[in-house]
Structures are given as C-alpha cells and as structure tokens.
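Heads up, the thing below is written out as structure tokens.
The values are calculated or read from the model by the stated rules, or taken from the named source; none is laboratory data. None of the values given here were measured: they were computed from a predicted structure. Note that each Cβ is placed from the backbone with ideal geometry, even for glycine, and that neighbours are counted across all protein chains shown.
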Amino acid sequence: MENFSGDIKSVKLDLKACSVSFVAEEGSGLKSIEYTGAKELEPDAVFADGTLTVIQRPVSIFANGIMAVNKPRLTVTIGKDTILQFLDIYLKAGDVSVNGITADWFSEVINAGNVTISGCNFLKAEISTKAGNTYISNTNLNKTVINTNAGNVNLDAIEDLDRYDIECKVKTGDVKIADEHSSGKNISIVKGAKDSDYIRINVNVGSVSVN
C-alpha cells in the first residue's frame, strides 16, 4: 500500500475483513497509512483533494481463516491538530480503535466487531453495530447516537452528565446511568435536562453503562 501524507479533511473507509486503528501524533495532517496482513486482503487507498478513501475488495469464503492467521489491520496516523470534517467507517468484520481524533462528524457501521474510542472530540457521532461491544472513554461528545443489536455499550464522557439529554433503551439486559440501574426487558432510562447536546443508546440484547 502506498504511504500517503499531507493536509487532510475527511476519511472514508469501506472494508470487508480488516481491523482498523486511528492514532494521533504531534502535528497536523495525514501522517501515514499502513496495512499489515494477507496480501489478498490488502485494500486500495486513494488520497485526493484532502480526502482519504480506502476500499477493500469483496472477501472470499476463506476470509475468516485468513483473518485468524494473518490478522489484517489498517493503521491511519493523523496529527493531533487536525480537525476532520468527517470520519466515516463501514466494516463487515473487524475491530475498530480510535484514539485522539477530532472530527465534526464521526460515523461508524460495523457488522461484527468491537469499537474502542478514547481521547476523541466529536461534534456528532453515529455508531451502529450488529454484533460487538462499544467502549467510549475520555471523549468529548455533543450529539451522539449508538445502536447495537447484540453487545454491550460502556460510555465514560469527560463532561458532567447533567449537561446531556440522555435516553438509553434495552430490549433485554441492563441499563445503568450514573447511580440509576435497571434490568430486565424493555428498559428505558431518561436522565438530564433537555438540551441541544444528547446521548441516545439503543440495544436489543446486552447492557448499557453511562458514567
């Protein structure tokens, strides 16, 4: 894979079987992009007009075996001073880790995999996971929606929860917001004053913890 660098505005990933890491280093702009793993799973990357686009070709029926042995991973390094217009991730199978990234809009759709977000700043975040856990910590959130079919959501925001309009729903499982806890079926907990900043979490089967 060609290693791009330069001023960057947006990132769009469309991957079939590949874990992803976003890391921040001192400075600004796109620092590097690196792929490790099976050659047959290596995605195609284009960097033009400030947008990094990475697309992975359809994966064969042997993809799970290849992933288990070679652990394909895409690592994107961006300067800490960079503010992305959007960071858009679509992933069929693999884990995602995002550390120290700032973006106006963060969008993520994962069929199977875990999401770990730490030290980020998002004006708007939309996360959808069919099967997997979502962990968010030390992150500045404004407008956030998380939908999970099967998995747990753990969110530790860096601000006082009272500044958010929070609504968490679980069809089967547990919900905990600060010191309020409930478990069972069709649970809903609403907390905080009505405000322009909100957190919406919907889980079919699993647990939600917001602190």
Of the listed residues (N142, N138), the one being among the polar types (S, T, N, Q), assigned to a strand (DSSP E or B) and either surrounded by 16 or more Cβ atoms within 10 Å (Cβ to Cβ) or without any contact (Cβ under 8 Å) to a residue 12 or more places away in the chain (or both) is N142
Within the range 167-191, residues within 24 Å of the chain's Cα centre (by Cα) and modelled with pLDDT of 90 or more come out as E167, C168, K169, V170, K171, T172, G173, D174, V175, K176
Inside the range 129-155, the number of residues satisfying the requirement of being closer than 17 Å to G206 by Cα and of a type outside the set (A, V, I, L, M) is 12
Selection from the range 192-211 of residues among the hydrophobic types (A, V, I, L, M, F, W, C) and at pLDDT 90 or above yields I199, I201, V203, V205, V208, V210
Checked the range 15-27 for anything surrounded by 16 or more Cβ atoms within 10 Å (Cβ to Cβ) and charged (D, E, K, R); matches are K16
In the range 145-167, anything buried (at least 17 other Cβ atoms within 10 Å of the Cβ) and not in a strand (DSSP E or B) is listed as G151, N152, Y164
By my count, strands (runs of 3 or more DSSP E) wholly in the range 82-122 with at least 3 residues that are touching a strand residue (DSSP E or B) at 6+ places or on another chain (Cβ under 7 Å) and of a type outside the set (V, I, T) are 83-93, 102-112
Those strands (runs of 3 or more DSSP E) completely within the range 18-62 that have 3 or more residues that are within 14 Å of T82 (Cα to Cα) are 19-25, 30-36
Being under 21 Å from the mean Cα position of the chain (by Cα), of a type outside the set (S, T, N, Q) and modelled with pLDDT of 95 or more narrows A17, A24 down to just A24
Being of a type in the set (A, V, I, L, M) and within 14 Å of I199 (Cα to Cα) narrows I101, I117, I110, I146 down to just I146
When the range 91-145 is checked residue by residue, the ones that are touching an Asp or Glu at 6+ places or on another chain (Cβ under 9 Å) and of a type in the set (D, E, K, R) are E108, K124, E126, K143
When the range 180-204 is checked residue by residue, the ones that are in contact with a strand residue (DSSP E or B) (Cβ under 7 Å, 6 or more places away or on another chain), assigned to a strand (DSSP E or B) and small (G, A, S) are S182, S183, S188
